[in-house]
Structure formats: C-alpha cells, structure tokens
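> Would you mind keeping the following structure in view while I ask a few things?
The values are calculated or read from the model by the stated rules, or taken from the named source; none is laboratory data. It should be emphasised that the depicted structure is a prediction, and the values quoted were computed from it without experimental measurement. When we count neighbours, we look across all protein chains shown, and the Cβ atoms used for this are built from the backbone with ideal geometry, even at glycine.
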C-alpha cells in the first residue's frame, strides 16, 4: 500500500512537468506512464537481471523521447530500491552504477534538450524541465535507496527480535522442564521415604505389638483357667489397650503407604507397551489418588489386559479409562481388535479368571468379553465395604492376621 502511494505521488509530480515541457498530454506521454506503471508492477514478478534490463531499455528510450524522460524520477526510485534490496549485483561499485543509471539518463536527456534549444537565456520550458529532472531523479533515487535500506534494517531487527523471543521461549521451556523434573524428583523421593517409613513401622512395631497381643491373650486364658479373675481382667484391659494401639499404628501405616503410592505413575507404567508394538494405548486417568491396594490391583489388571490384546487380538488402538465415582472406582480397558475368542491364560500371567479374582479380593467385580468393536475389560471396586478400606477396630484374635491378609491382597 505504501509503494502505491509513493508511486502515485511521483507520477502526480512528473506528469505536470511533462505537460509544462510539451504543452499538452500526448499519446507518447500516456504510453510512457503505462510503461512506468507496468515496470513498477514487474518488480515483484520477474528476477533482478531481467528487470534491470527492462529498466535500462526504458532509460535509453527516455533519452530519445523527451516525454518519457519526465518520468525518470519514478524509474530512479524503483531502480535504487530494487538494487538496495536485492543481492545482485554483488560489487558495491556495480550496485551504485546500476542505481545511478536513471540519473545518467536524466542528465543525458537534459544535455540533448539543451543542445536542441536555440533560444538564449531564459531557456524554453522543455529545457528548464529537463534540467530540473536531473536533481529530482537523483533525489528520488537516493530516497528509494534509503527506503529499501531502512526496510532491510527493519527486517534484520525483526529477525533478531524473533530470534531473541525464540531463545527466551526455549530458555523458559528449559527452566519449566527443570522445575518439573525437580518437583517430580522431590515428590518421588518423598513418596519413597513415606513408603520406607511405613515398611519400617510395619516390620518392627507392628510385629512386636502383634506378639504382645498374643502374649496378653495367652496370659488372660491362663488366669481364667486358674480362677484368678482379677489378673484375667487386667490382662483383658492390657490386650484391649494393645489392640487399640495396633489399630492406630495400622491406620498410620496404611495412610503413609497410600500417600507413598504414585498412582498416576503406576498407571502410566502399566499402560506402556513395548516400542516395537503396533498397539497405541491412550490413558484417560480420572483418579487423582487411591489406596495402595487399588493401585496395585488396577496396575496388574491393565498389564494383563494389554498383554492379551497384543497376544490374541489385531487391535491397533486401546483405551485405558480410570473413573472416580462417588462410591466406586472403575477401570475400563477397551480395544478395537474385533471380537476374538480369548480363553483365560493357562500358564504365565494372571489370566482372565485371576482378573476377576483380584477384583473380588477388593470387594469388586470384573467383566471380560466382546464389546462394541473389540474386547473390553470392565472392573468396578467399591470405596466402602470392600477390601480396600481396613476395618475400624479388628477383634483381638484377628489383630495378628489382619496385617498378613492385607499384605496378601496388595501383592
């Protein structure tokens, strides 16, 4: 748009000068205006060498046609701007020579007009216009050169600014990656430490309290058998106190173990397939936090379901969806491999039958079979009343075996 305005202003200045020089708007002047406009439009359509040749032809014709010489300021602006912006010619002297070609043509036209003139001073209007066109062409050429050079500098500045913004973006991205990695490492270390503390409490304090409970119950039985009701009551209170301590410790251990379980990481690891596999797995994890027993159960089921998909089916895509409902946790593994017959694995792996058994251990249900365009494994585990949450107060006789039952459920 700016180029069009500049060319319109230059033509508006040069055409009146041509009319002053020749007294009227001639056909030669109209053709010259059309040629100049066409030459300006061709700057973006043809190469530098071809366009420079056409500009040189116009300058040569302007020396012979005085009406065309009045439009040399327009050509001078275009030639200087094109030379300043283009990489050709390479030499500095050659570039200045090419940019000064319209100025030389204007000077030659002025000399020819002065030689054709027979009047004394003051000269005829045509001669005076021809002399005026020389500095005007030089001025427009210089303005075109500086304008193109300013555009080149502006483009370079913008390129540097874009490069700087890209570097800043990459730097911020690296900083964010480092922060995310540091936060992940700290979270992993914190979870590992909580798991270690829970294991230490379970292995040391838990076993000691279990032994003390059993000893208190044995002493209570002995005292009752001997008819010592006072000592039997004391041993009963000691057993109740130890049982309460055991319950509190077991709650703390399970809280630490649940907090020390990286549920999202376990699900991502379980849903990962080998690099050479053609199966593409999409994980939709809607569960933010869950007990450790549920995490181990869902991870094992996901591994077995995806193993069966790769081994028995022709699926290209599988979706693992984890759903957190108000009263249930649900797991859905759906593939698009048709409806093959998939018997339970008789050998390695937990098999489809063991998937159902693992869900029942937590009080839930599992359904495996054809669904939609493929095979689906659907598992639903209640949040309360099942094997996920531990009883609030186990009986003294079951205090020693509850921890071992929980360990077997989580293995």
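> Considering 85, 94, which residue is in contact (Cβ under 8 Å) with a residue 24 or more places away in the chain, over 20 Å from residue 19 (Cβ atoms) and surrounded by fewer than 20 Cβ atoms within 10 Å (Cβ to Cβ)? Write out each step before concluding.
Details: 94 fails: in contact (Cβ under 8 Å) with a residue 24 or more places away in the chain.
Checking each option against the conditions leaves just 85.
> Do we find a residue being at pLDDT 80 or above, surrounded by fewer than 16 Cβ atoms within 10 Å (Cβ to Cβ) and either out of contact with any strand residue (DSSP E or B) (no Cβ under 8 Å at 6 or more places or on another chain) or not in a helix (DSSP H, G or I) (or both) anywhere in the range 250-265?
yes
> Let me ask something else. Of the conditions (1) under 19 Å from residue 137 (Cα atoms); (2) in a loop (DSSP other than H, G, I, E, B), residue 56 fails just one. Which one is it?
Among (1) under 19 Å from residue 137 (Cα atoms); (2) in a loop (DSSP other than H, G, I, E, B), the lone unmet condition for residue 56 is (2).
> Which of the residues belonging to the range 266-310 are in a strand (DSSP E or B) and closer than 17 Å to residue 328 by Cα? Break it down stepwise before answering.
At the first step, the residues of the range 266-310 found to be in a strand (DSSP E or B) are 280-285.
The answer is 284, 285.
> Would a scan of the range 283-300 turn up a residue that is over 26 Å from residue 336 (Cα atoms), outside the structural domain of residue 318 (by TED's automatic domain parsing) and in contact (Cβ under 8 Å) with a residue 40 or more places away in the chain?
Looking through the range 283-300, none of the residues is over 26 Å from residue 336 (Cα atoms), outside the structural domain of residue 318 (by TED's automatic domain parsing) and in contact (Cβ under 8 Å) with a residue 40 or more places away in the chain.
> In addition: Look at the range 311-325 and say how many of its residues are modelled with pLDDT of 90 or more and assigned to a loop (DSSP other than H, G, I, E, B). Can you show your working first?
Restricting attention to the range 311-325, the residues satisfying the condition of being modelled with pLDDT of 90 or more are 317-325.
Checking which are assigned to a loop (DSSP other than H, G, I, E, B) leaves us with 325.
Number satisfying all stated conditions: 1.
> Is there a residue in the range 20-35 that is under 17 Å from residue 103 (Cα atoms), buried (at least 17 other Cβ atoms within 10 Å of the Cβ) and under 60 Å from the mean Cα position of the chain (by Cα)? Let's see the steps before the verdict.
Of all residues in the range 20-35, those under 17 Å from residue 103 (Cα atoms) come to none.
No: the range 20-35 contains no residue that is under 17 Å from residue 103 (Cα atoms), buried (at least 17 other Cβ atoms within 10 Å of the Cβ) and under 60 Å from the mean Cα position of the chain (by Cα).
> Can you tell me which residue is surrounded by the fewest Cβ atoms within 10 Å (Cβ to Cβ) among those in the range 341-360 that are at pLDDT 80 or above and over 41 Å from the mean Cα position of the chain (by Cα)?
Within the range 341-360, the match that is surrounded by the fewest Cβ atoms within 10 Å (Cβ to Cβ) is 357.
> Of the numbered conditions (1) within 48 Å of the chain's Cα centre (by Cα); (2) surrounded by fewer than 17 Cβ atoms within 10 Å (Cβ to Cβ); (3) not assigned by TED's automatic domain parsing to the domain that holds residue 71, residue 149 fails exactly one; give the number of that condition.
If we test residue 149 against (1) within 48 Å of the chain's Cα centre (by Cα); (2) surrounded by fewer than 17 Cβ atoms within 10 Å (Cβ to Cβ); (3) not assigned by TED's automatic domain parsing to the domain that holds residue 71, just (3) comes out false.
> If you don't mind, another one. From the list 240, 271, 216, 233, exactly one residue is over 30 Å from residue 321 (Cβ atoms), surrounded by 17 or more Cβ atoms within 10 Å (Cβ to Cβ) and modelled with pLDDT of 85 or more. Which is it? Please lay out each step first, then the result.
On the way: 240 fails: surrounded by 17 or more Cβ atoms within 10 Å (Cβ to Cβ); 271 fails: over 30 Å from residue 321 (Cβ atoms); 233 fails: surrounded by 17 or more Cβ atoms within 10 Å (Cβ to Cβ).
Just a single option satisfies the conditions, and that option is 216.
> Within the range 83-117, can you find the residues that are in a helix (DSSP H, G or I), under 25 Å from residue 150 (Cβ atoms) and in contact with a helix residue (DSSP H, G or I) (Cβ under 6 Å, 6 or more places away or on another chain)?
83, 84, 85, 95, 98, 99, 101, 102, 103, 106
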